[in-house]
Structures are given as structure tokens and as C-alpha cells.
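All remarks here apply to the structure that follows.
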Amino acid sequence: VNLTIVNVMLAVIVDTAMKTSQEDIDKIVEEKQEEYNRAEKTLTRICQELDKDGSGDLTEEELMVGLDTHKEFSDVLALMDIGKDDMHLVFSILDTDGSGTVNYGEFVQELFKMKQHDSHTLLVFIKHYVTEIRQGLENQMQVLKSGIIERIVEELVHSQPHQQPLPRKLSDDLRHFNLLP
């Protein structure tokens with residue numbers, strides 16, 4: 001009987017502790033959400049101030065000027081571990097359509113996403129760098145192809161000036177790509 005009473009008392013104590021713990025966790029989550037909402041509103045207000053033309057979008061230049069001239073903006077970004085050196089990369093990532101502008105509502109949301117999900121941020125950076133590398137390689141391949149084709153054409157044209165002309169299909173193809181007059 002004594003053991004049963006002790007078990008009941010222990011169960012009540014554990015249950016109370018669990019409820020208190022869950023309430024503390026809920027309170028912490030609620031406080032974090034309120035803090036996030038305040039920070040989001042603050043950063044949105046700052047972005048509105050930086051948006052000199054009132055378009056609702058920010059250019060990279062407006063963001064860089066903001067970092068230099070708007071202490072509150074640079075402080076908020078510093079808290080997020082984003083410095084002036086990082087801004088070009090962050091802007092490039094967020095300017096998905098290549099327009100040279102970023103909607104500041106999206107800018108704020110994406111910054112907070114990056115901050116809250118470090119692994120997501122790392123993946124976004126890696127994807128961006130891989131895309132840049134791929135584009136660079138494609139450009140280099142195109143330049144190399146053009147150079148090789150030009151050398152082949154030169155060799156064909158100059159090596160056989162007194163012999164029979166190039167086959168008609170080859171001549172037409174080379175003219176099509178502006179490689180022959």
C-alpha cells in the first residue's frame with residue numbers, strides 16, 4: 001500500500017513537471033515567434049527606407065549603400081552574420097530572375113530563412129556556385145568550339161587554294177555560321 005501511494009505521488013510530480021516543461025517550451029516558441037515578427041517588421045521598414053525610388057524592389061547598389069549609411073541595417077545584417085563581402089553573393093542568390101532587383105518582402109523572408117536553416121543556406125550557396133561554374137564552363141566551351149571551328153576553316157581554305165573547292169554542303173554550313181564569306 002505504501003509503495004502504491006509513493007508511485008501515485010511520483011506520477012503526479014512527474015506529470016506536473018512535464019506540463020510545466022511543455023508550457024515553458026510553448027512560451028519559448030511563442031517568444032521566438034514574436035521576436036522574429038518584430039525583427040521582420042524592423043527589417044522591412046529599413047528596406048522601405050533604402051528603397052529610394054519607392055518601387056518595392058531593392059537593387060544591389062541600394063543594399064550596399066544601406067550597409068554603408070544605415071547603421072540599423074548593417075547591425076541587423078551583422079547579427080545574421082552577413083557582411084558587406086557577403087552581400088553580392090546573397091543578392092545574386094535572391095535575384096533569381098537576373099533582373100538586378102529583389103522585392104524587399106522576399107528579401108526579408110529569404111534572409112530569415114537562411115538564418116533559421118543553416119543547412120538550407122549552405123545548400124543554396126553550393127547550388128549558386130555550381131550554377132555559376134556551369135555557366136562559366138558553358139561559355140568557355142563555346143569559345144573553344146568557335147576557335148576550333150575557325151582554325152579548321154582556315155586550314156581548309158588556305159591549305160587547298162588550287163585544288164577543288166569545298167563540298168557544297170560543307171560550304172553552305174560554314175556560310176550559315178558566318179565562317180566563310
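The values are calculated or read from the model by the stated rules, or taken from the named source; none is laboratory data. If you're wondering where the values come from, they're calculated on a predicted model, not measured in any experiment. Heads up, the Cβs are rebuilt from the backbone with ideal geometry, glycines too, and the neighbour counts pull from every protein chain shown.
Kindly indicate whether residue 169 is modelled with pLDDT under 75, part of a helix (DSSP H, G or I) and surrounded by 11 or more Cβ atoms within 10 Å (Cβ to Cβ). No; evaluated as a whole, the condition is false for this residue. Sub-7 Å Cβ pairs linking a first residue in region 83-94 that is under 13 Å from residue 129 (Cα atoms) to a second residue that is in a loop (DSSP other than H, G, I, E, B), at least 6 apart or interchain, are 90/82, ordered by first then second residue. Each residue in region 4-55 was checked for being small (Gly, Ala, Ser) and assigned to a helix (DSSP H, G or I), and 4 pass.
Yes/no matrix, rows are residues, columns are (1) over 14 Å from residue 105 (Cβ atoms); (2) among the acidic types (Asp, Glu):
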| site | (1), (2) |
| --- | --- |
| 9 | yes, no |
| 16 | yes, no |
| 24 | yes, yes |
| 40 | no, yes |
| 48 | no, no |
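Residues in region 50-67 that are of a type outside the set (Gly, Ala, Ser) and either surrounded by 14 or more Cβ atoms within 10 Å (Cβ to Cβ) or within 22 Å of the chain's Cα centre (by Cα) (or both): 50, 51, 57, 58, 59, 60, 61, 62, 63, 64, 65, 67.
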